[in-house]
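Novice: Here you go, one structure.
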Amino acid sequence: GENVEQHPSTLSVQEGDSAVIKCTYSDSASNYFPWYKQELGKRPQLIIDIRSNVGEKKDQRIAVTLNKTAKHFSLHITETQPEDSAVYFCAASQGGSEKLVFGKGTKLTVNP
Amino acid sequence: GAVVSQHPSRVICKSGTSVKIECRSLDFQATTMFWYRQFPKQSLMLMATSNEGSKATYEQGVEKDKFLINHASLTLSTLTVTSAHPEDSSFYICSARGGTAYNQPQHFGDGTRLSIL
């Protein structure tokens, strides 16, 4: 089955800096890769996703890149703000199924 | 769009009680709903997948007689934790996905924090 590794587990940046979170997956049949942001005690919110037929996707300050050959995908947040502080989870679809396998999460702290 | 409502948000009850959690898609038809469990500071662990009108598919290690799932309509799925014990205390979150394509987003409810005394 699918295995998703996420790094780093914690990330602290200064306001205005960029933040990068990386994930690797094992199942070459995976074709959907969403990223979720979860604030303490709240629901995971979809912030961006990418499908395997695309190498990069951008939405304002957030971008995701996908390297299918290397089986890794990354989240890039530019011009970070304190409200970006949260836990971020990557996920990958388990190939051929409707299930998502989540990474262990990255706690991002943006210091003012 | 894509709003998922989960109720109740918090339950505190005695050991042996059965607890029902509801998950509703408010503005779309959810072909598939998923139930997750999340321990403090940990990731989301899939418990089961439910499709409207059919039996849920449980992940390995999840007791189907303990965690009863019903997906009676395209907008409602329920999870019943039967005869709950302290080890069942956790944060339970549902998600819903519209359409039939697998590569569509899952939208999450607010979660239910279950505490068994």
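Novice: Report whether or not A:S97 is in a strand (DSSP E or B) and either within 14 Å of chain B (Cβ to nearest Cβ) or within 16 Å of A:Q6 (Cα to Cα) (or both).
Specialist: Details: in a strand (DSSP E or B): no; either within 14 Å of chain B (Cβ to nearest Cβ) or within 16 Å of A:Q6 (Cα to Cα) (or both): yes.
Criteria not met by A:S97.
Novice: Another question about this same structure. Please work out which one of (1) touching a Ser or Thr at 6+ places or on another chain (Cβ under 6 Å); (2) open to solvent by 20 Å² or more (accessible area, probe 1.4 Å); (3) closer than 27 Å to B:L117 by Cβ is the condition B:N51 fails and give its number.
Specialist: (3) is the only condition that B:N51 fails.
Novice: Kindly check whether there is at least one residue in the stretch A:30-44 that is open to solvent by 40 Å² or more (accessible area, probe 1.4 Å) and either touching a Leu at 6+ places or on another chain (Cβ under 8 Å) or more than 14 Å from chain B (Cβ to nearest Cβ) (or both).
Specialist: Looking only at the stretch A:30-44, we keep the residues that are open to solvent by 40 Å² or more (accessible area, probe 1.4 Å), and these are A:31, A:39-43.
Within this subset, residues satisfying the condition of being either touching a Leu at 6+ places or on another chain (Cβ under 8 Å) or more than 14 Å from chain B (Cβ to nearest Cβ) (or both) are none.
The answer is no, given that none of the residues of the stretch A:30-44 is open to solvent by 40 Å² or more (accessible area, probe 1.4 Å) and either touching a Leu at 6+ places or on another chain (Cβ under 8 Å) or more than 14 Å from chain B (Cβ to nearest Cβ) (or both).
Novice: Among the residues of the stretch B:77-95 satisfying the criterion of being open to solvent by less than 40 Å² (accessible area, probe 1.4 Å) and more than 22 Å from B:Q42 (Cβ to Cβ), which is nearest to the other protein chains (Cβ to nearest Cβ)?
Specialist: Looking at the filtered set, the residue picked out is B:S77.
Novice: Enumerate the strands (runs of 3 or more DSSP E) found wholly within the stretch B:1-40, keeping only those where 1 or more residues are over 22 Å from B:P86 (Cβ atoms) and among the acidic types (D, E). Working first, answer last.
Specialist: Values: elements: B:4-7, B:10-13, B:19-25, B:30-38.
Qualifying strands (runs of 3 or more DSSP E): B:19-25.
Novice: Restricted to the stretch A:77-94, and to residues that are part of a loop (DSSP other than H, G, I, E, B) and open to solvent by 30 Å² or more (accessible area, probe 1.4 Å), which residue is modelled with the lowest pLDDT? Reasoning before the result, please.
Specialist: Looking only at the stretch A:77-94, we keep the residues that are part of a loop (DSSP other than H, G, I, E, B), and these are A:78-81, A:85, A:94.
Narrowing the set further to residues that are open to solvent by 30 Å² or more (accessible area, probe 1.4 Å) leaves A:78-79, A:81, A:85, A:94.
On the way: A:T78: 97, A:E79: 98, A:Q81: 97, A:S85: 98, A:Q94: 80.
Once the filter is applied, the top-ranked residue is A:Q94.
Novice: Moving on. Just one of (1) at the interface with chain B (Cβ under 10 Å from one of its Cβ atoms); (2) open to solvent by less than 40 Å² (accessible area, probe 1.4 Å); (3) hydrophobic (A, V, I, L, M, F, W, C) trips up A:A19, so point out which.
Specialist: So the condition that A:A19 fails would be (1).
Novice: Mind listing whichever residues of the stretch B:96-117 are assigned to a loop (DSSP other than H, G, I, E, B) and open to solvent by 30 Å² or more (accessible area, probe 1.4 Å)?
Specialist: So the first thing to find is which residues in the stretch B:96-117 are assigned to a loop (DSSP other than H, G, I, E, B), and the list is B:99-106, B:109-111, B:117.
Within the stretch B:96-117, B:G99, B:T100, B:A101, B:Y102, B:N103, B:Q104, B:D110, B:L117 qualify.
The values are calculated or read from the model by the stated rules, or taken from the named source; none is laboratory data. Quantities reported herein were computed from a predicted structural model and do not represent experimental measurements. Positions of Cβ are backbone-derived with ideal geometry, glycine not excepted, and every protein chain shown enters the neighbour counts. Only protein heavy atoms, including side chains, enter the accessible area calculation; ligands, DNA and RNA are left aside. Shrake-Rupley method; radii C 1.70, N 1.55, O 1.52, S 1.80 Å.
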